[in-house]
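A.B. asks: Structure provided below as structure tokens; questions to follow.
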Amino acid sequence: MRLIILLTIILSSNLFSQSAFEFLKLDASARSASLGGAFTSNIDDPNVIFYNPASINYVEPDKISFGFLKHLLDVNSGYLSYTPQIKGIGKLGLGLIYTNYGDFEVLDESGYSQGQFTANDLGLILNYSDLIRNNLSYGVNVRLLYSSIHNLNSFAIAGDFGLIYYIPEKQFSAGLSVLNLGKQLDAYYTFKEKLPLDVRFGISKKLEHTPFRIYLEFVKLNEDKNSFFSRFNNFILGGEVFVSSALTLRFGFNNEKRKELKVGTTTGTEGFNIGMGLNISNYRFDYGLSSFGKIGSLHRINITTSL
């Protein structure tokens, strides 16, 4: 029974998916999760490396962020992002994702215990970004992916590609990214699965003379739909309210997750997210709460600072 629940968790971001390395679909920071995942147009957070490799060009150098996700049951994930700057090379980025699914018992045909096993996922991201011209940047990620369950292992390599257009004086940005474009090199058995390819487009704007920034994002634009415009049904709407220099409140609505997490014919709080950011000295503490409706809720925390 617990193994069935585990598989449900792994596939929770796309219940009908048939791709490997589903942990790549989990939001990789408390701030992005509280915005519903609308982060492709972000330009000031090192965790944007997981959403748009081009945005790292605008993130302050030597920014580092540590994150933790408390998933359902005993499933936990950790995240790391870092933006070093090396003279003569340009903007670089580093990302790390680790997920542990807990311990499971091995039973024989008679139901007797034969020991325990674990399941883990690991992803390493190497990033490079630079300007194409004023206000327009490009970026590339290389992802090295490893997954294991019991005595089975899998390895994959993927690339991310992104563009971002940023107008500082108008506090407007628009980003486009192609994530997880690659292949499984070593399969669990003999059949090689596809990676969770995702084409995303997002915009964000700080409203003049207000404390609000709004985010709008479309995800999975690569998926086949009945019509062109139906591709835009997978949208995310988020916002930040800058209460003061120390406190930011956040909210997000993810229509894709709301549809996929609906149980039966009724909906509740599926797809809704809230969070906050707190600036203390040189540190920013972020918290995000994501609702899975009747399934439960996910809690994330992040600490971001400069080295």
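A.B. asks: Along the charge dipole of the chain, which of 68, 54, 122 sits closest to the positive end, that is, farthest toward it, with unit charges on the beta carbon of Lys, Arg, Asp and Glu (+1, +1, -1, -1)?
C.D. replies: My answer, from the dipole projection, is 54.
A.B. asks: Another question, if that's okay. Starting from 0 in steps of 5 Å, tell me what percent of the Cα-Cα pairs of region 133-267 lands in each bin.
C.D. replies: 2, 8, 13, 14, 15, 16, 14, 9, 5, 3, 1, 0
A.B. asks: Using the C-alpha gyration tensor of the chain, what are the square roots of 5 times its eigenvalues, in whole angstrom, with the largest one first? Don't skip to the end; give the middle numbers.
C.D. replies: Details: eigenvalues 201, 98, 78 Å².
Taking √(5λ) for each Cα gyration eigenvalue gives 32, 22, 20 Å.
A.B. asks: Once each part is reduced to its C-alpha centroid, what is the distance from region 229-307 to region 88-118 in angstrom?
C.D. replies: Result: 26 Å between the Cα centres.
A.B. asks: For region 191-298, what class follows from the C-alpha gyration tensor (a ≥ b ≥ c being the square roots of its eigenvalues): rounded when a/c is under 1.5, otherwise prolate if a/b is larger than b/c, else oblate? Don't skip to the end; give the middle numbers.
C.D. replies: Values: a/c = 1.95, a/b = 1.60, b/c = 1.22.
Note, shape of region 191-298 comes out prolate.
A.B. asks: Counting only other residues whose beta carbon sits under 12 Å from that of residue 129, what net charge do I get with K and R as +1, D and E as -1? Please list the in-between numbers first.
C.D. replies: Details: positive: 91; negative: 130, 160.
Summing Lys and Arg as +1 and Asp and Glu as -1 gives -1.
A.B. asks: Let me ask you something else. Over the Cα atoms of region 87-140, compute the convex hull volume and normalise it per residue, giving Å³. Display every interim value, and only then the final one.
C.D. replies: On the way: hull volume 6.4 nm³, N = 54.
Dividing the Cα hull volume of region 87-140 by its residue count gives 119 Å³.
A.B. asks: Sticking with this one: Shape verdict for region 264-307, please, from the Cα gyration tensor: rounded (a/c under 1.5), prolate (a/b greater than b/c) or oblate.
C.D. replies: On the way: a/c = 5.62, a/b = 3.84, b/c = 1.47.
Verdict is prolate for region 264-307.
A.B. asks: Could you work out how much longer the chain between residue 208 and residue 106 gets when fully extended? Use 0.36 nm per residue separation minus the Cα distance between them, nm to one decimal.
C.D. replies: Working: separation 102, 0.36 × 102 = 36.72 nm, distance 5.92 nm.
Fully extending the segment from residue 208 to residue 106 adds 30.8 nm.
A.B. asks: Further, regarding this structure: Would you mind working out the magnitude of the charge dipole of the chain relative to its Cα centre, with +1 at each Lys and Arg C-beta and -1 at each Asp and Glu C-beta, to the nearest 20 Debye? Don't skip to the end; give the middle numbers.
C.D. replies: Numbers: 28 positive and 27 negative charges, 166 e Å.
Using Cβ point charges on Lys, Arg, Asp and Glu, the chain gives about 800 debye.
A.B. asks: When the chain is fully extended, how far beyond the present Cα-Cα distance does residue 73 get from residue 299, taking 0.36 nm per residue of separation? Can you show the working numbers first?
C.D. replies: Details: separation 226, 0.36 × 226 = 81.36 nm, distance 1.24 nm.
Full extension of this stretch gives 80.1 nm more.
A.B. asks: Counting pairs of alpha carbon atoms under 8 Å apart in space and at least six apart in sequence, what relative contact order in percent does the chain give?
C.D. replies: Values: 866 pairs, mean separation 59.9, N = 307.
Rounded, it is 20 percent for the chain.
A.B. asks: In whole Å, how far is the Cα centre of region 147-220 from that of region 58-80?
C.D. replies: Taking the Cα centre of region 58-80 as reference, the centre of region 147-220 is 16 Å away.
A.B. asks: Assuming 0.36 nm per residue, please report the length gained on full extension of the stretch residue 225 to residue 262 beyond their Cα-Cα distance.
C.D. replies: Numbers: separation 37, 0.36 × 37 = 13.32 nm, distance 2.00 nm.
Answer, rounded to one decimal: 11.3 nm.
Read-outs throughout are calculated quantities, based only on the coordinates presented, and are distinct from any laboratory measurement. Treat the numbers as computed from the prediction; the structure is a model and nothing was measured. No Cβ is skipped: glycine too gets one built from the backbone with ideal geometry, and neighbour counts run over all protein chains shown.
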